[in-house]
Amino acid sequence: MKVADRRGERSVGTVRVARGPRYLHFTRLPRGMRSVLLALAACGLVMFAAPARADELTGTLRKIHDDGVIVLGVREASIPFSYFDGKRTVGYSQTIAMQIVDEVRKALGMSQLRVHEVAITSSNRTPMLLNNQIDLECGSTTHTVERENVAAFSDSFFQYAVRMITRKNSGIADFPDLAGKPVVTTAGTSDERLLRRLNTDKQLNMRITSVRDHQDAFNAMKDGHAVAFVMDEPIVYGFKATDPHPDDFIVTGTPLGYEVYACMFRKGDEPFRALVNRVIAHSQTSGDAERLYRQWFTQPIPPHGINVNFPLSEQNRALFAHPNDHALD
């Protein structure tokens, strides 16, 4: 067996275990050892990665193999999930996407597989996926039952509440305080649907504006065109933390609901789904996801070293312990 990591290898037999997630490449194994390793794999403790034959590939993996490139849909301002730091796309979910890319490379035996990034918005991400303009999107996309009609979703990688950000001196503390006032959200999001339903159900007569992307929405609130920006709690915490005057804003409001983020890819592609979920589940159950969370939500992040200060919730801790792909709506 050989045990290999990025710093080298040492020989101990006929199995290769690569650090990161761990990958086992079988050559000649005693029957007893093979049984033990298969049992560990079934528990998600190890992952097998043997390059697939081209004529056995289907769906997204076949497309990636034939094109020699995987196309990622990335966000420009979903801090700290997927955003442009002035040099490249970074973030919590961008890191997950790149972990998936590494697994695709191994599964296809394509160490030189290229990565092409395409900037997307909340409004165009699904059409671009369906039109084969992107292969995978791991940004800040909510997995909802309705969206399952057109796209497939991975195991969830983040659970959150829907709240709002407003100026500290606005006098707004909860959603009823928005009655008759201008409010902004991002077009094409589940938050927009929840906000409009609240407006109708509670007859609040809010003047709701839906804009292209999160940055535009935050700017509209900041510039006084709206009194509040309603969005996913970690997103608005990200904008608060990165603003030059973070103490001018508060995140507030009884949650409109709880939702989950997941990676999105094309429907009916079980081999690709299995690969993506294998990466996410292993990261969560191995402790790597919690380490990654601390890196992006409780420590200084690029490009300016701000700290989002969003500690790991009990909901996310439970998600990491029990990976699943359930929508919460």
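All of the numbers you see were taken from the coordinates with simple rules; none came from a lab. Just so it is clear, the model here is predicted, and its values are computed rather than measured. Here the Cβ positions follow ideal geometry from the backbone for every residue, glycine too, while neighbour counts run over all protein chains shown.
Structure notes:
- Cα-projected label distance for Asp174 with Ala187, points at 7 Å along beta-carbon direction, nm: 3.3 nm
- Only Lys, Arg (+1) and Asp, Glu (-1) charged, at Cβ; the range 233-296 dipole about Cα centre in debye: 380 debye
- The trypsin sites (Lys or Arg not before Pro) of the range 120-224 meeting both criteria, a DSSP state outside H, G, I, E and B (loop) and at most 15 other C-beta atoms within 10 angstrom of the site's C-beta, are Lys168, Lys202, Arg212.
- In a fully extended conformation the segment linking Met110 and Ser313 would gain 69.3 nm over its present Cα-Cα distance, using 0.36 nm per residue.
- Within the range 155-244: Cβ-based charge dipole about Cα centre, in debye rounded to nearest 20 (Lys, Arg +1; Asp, Glu -1): 320 debye
- Partners for Lys168 among lysines (Cα-Cα distance below 21 Å; same-chain residues under 8 apart left out): Lys181, Lys222, Lys240
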